[in-house]
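Let me begin by presenting the structure, written as structure tokens, before commenting on it.
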Amino acid sequence: MWDGTGGRYDPSTLRGLVETERGRADRAAAVALRHEGLLGTAIASMRPFHLRMSELHRATERKHRAAADLHAGYLDAVGRWADRAEEPAGVPPAFMAAVAESSGLRSLVVTLFGTTESDAAVVVSDPLAARVHDLEDVLGEGPSRGRPLIPGVCEEYELVRRWPQFGSAAREFGVRAVVSAPLGLATAMLGTLTAYRTEPEPDAEVARSVGAVAEALTDTALNPAVRLDGADGLPVHPLFGDVDLRAVTHRAVGVVMATHGCSVSDALALIRGHAFARDESVTELALAIVTRGYRLT
């Protein structure tokens, strides 16, 4: 663990993860290479098999190399931060900020789904991602909510058509398109990874990059087979060092439910509506409800 800084991996543990992912990539590449070599000598009936096996292992290689590169980029960012001896001690760089920088995807948001609509945990890469995602929270619509985009790119021409309120509001922050990918498995989706884009028509490479990052996070941070829960119940991975659990919002929902005698979804809708009317974030209004006794009228 980082000593008192909110991060969750020490450098040696992170290096071990990078080495493990690179080892898996190398083994997959070796298997793919063997099948590629057999393509030239195999009988005709066996060639489709060797081609398919080569493709599968090359895809596995790419997945593990992407995971290794993602975590190596974060390790490098932490190393640069630690080397700045002239700066006062503080928190290390945020994991998603390093991911956004190394991938070239800029503004990213990870949204993890809970058991109810108000239970989502959120990790953002930068202030723009935080502000635009807050629009989704206030308006109750947007690319991070529910199932991911199919296809994963929503270009400018359909942004407002798909999400009328969010699309119009996001444009005021310079967001003209979004790209998203699912986190988790097709049968057990855990959340979404969304990139807010300033160009109106993101190219195919952007979509591939978002998909690769989503796969890497699924296989490492969100993989129940390899993760270890910390004392706070969160997986021990640097992604969760900056997670926003929306605890204040949950408390505010409880207050509104008790005051108005309504359901969770109705209480959340009331909070969103008032936040929108007051030009505040949901979190800001929730703090006013919980700490200052603000009442929704």
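The values are calculated or read from the model by the stated rules, or taken from the named source; none is laboratory data. Note that this is a predicted model, so its numbers are computed, not measured. As a convention, Cβ positions derive from the backbone with ideal geometry for all residues, glycine included, and neighbour counts pool all protein chains shown. SASA here: full protein model, heavy atoms, side chains in, ligands and nucleic acids out. Shrake-Rupley method; radii C 1.70, N 1.55, O 1.52, S 1.80 Å.
Given a 1.4 Å probe and the protein chains all in place, what does the accessible area of E205 round to, in Å² to the nearest 10?
Around 100 Å² of this residue is reachable by solvent.
Using 0.36 nm times the number of residues separating H260 and R161, minus their current alpha carbon distance, what extension gain do you get? Walk me through the intermediate numbers first.
Numbers: separation 99, 0.36 × 99 = 35.64 nm, distance 3.38 nm.
Result for the pair: 32.3 nm of gain on full extension.
Whenever you get a sec, line up F173, F276 from highest to lowest accessible area (probe 1.4 Å, protein heavy atoms).
The most accessible residue leads, giving F276, F173.
With only alpha-carbon atoms counted, please give the Rg and Dmax of the stretch 152-261, in Å.
For the stretch 152-261, the Cα-based Rg and Dmax read 17.5, 50 Å.
Any chance you could give the angle, 0 to 90 degrees and rounded to 10, that helix 47-83 forms with the longest Cα principal axis of the chain?
The answer is roughly 50 degrees.
Assuming R0 = 51 Å, what is the FRET efficiency of F49 and S168, from their Cβ-Cβ distance, to the nearest 0.05? Could you put the intermediate results ahead of the total?
Working: r = 52 Å, r/R0 = 1.03.
Calculated transfer efficiency: 0.45.
Given charges of +1 on the Cβ of Lys and Arg and -1 on the Cβ of Asp and Glu, with all other atoms neutral, how large is the dipole of the chain about its Cα centre, in debye to the nearest 20?
On the way: 31 positive and 39 negative charges, 150 e Å.
Dipole about the Cα centre, nearest 20: 720 debye.
Per the Debye formula with a single identical scatterer at each Cα and no solvent contribution, what log10 I(q)/I(0) holds for the stretch 242-297 at q = 0.18 Å⁻¹?
Log-scaled intensity ratios, in q order: -0.51.
Please find the FRET efficiency linking T198 to L56, where r is the Cβ-Cβ separation and R0 is fixed at 41 Å, and quote it to the nearest 0.05.
Details: r = 36 Å, r/R0 = 0.88.
Plugging the Cβ-Cβ distance into 1/(1 + (r/R0)^6) gives 0.70.
How far, in degrees from 0 to 90, does helix 247-260 lean away from the longest principal axis of the Cα atoms of the chain, to the nearest 10?
40 degrees
Report the label-to-label distance for D229 and A82 in nanometres (one decimal), using points 7 Å from each Cα along the Cα→Cβ vector.
2.9 nm
Roughly how many percent of the accessible protein surface of the chain is carbon and sulfur, given a 1.4 Å probe and a whole-percent answer?
56 percent
Per residue, how much accessible surface does the chain expose to a 1.4 Å probe? Answer in Å², no decimals. Don't jump to the answer; show the numbers that get you there.
Working: 14870 Å² over 297 residues.
With the other protein chains kept in place, the chain gives 50 Å² per residue.
So what's the angle, to the nearest 10 degrees on a 0 to 90 scale, between helix 282-292 and the longest Cα principal axis of the chain?
Taking the Cα atoms of the chain, the angle to 282-292 is about 40 degrees.
How many nm separate the modelled label positions at L38 and R131, each set 7 Å beyond the Cα in the direction of the Cβ?
Here the answer is 5.7 nm between the modelled labels.
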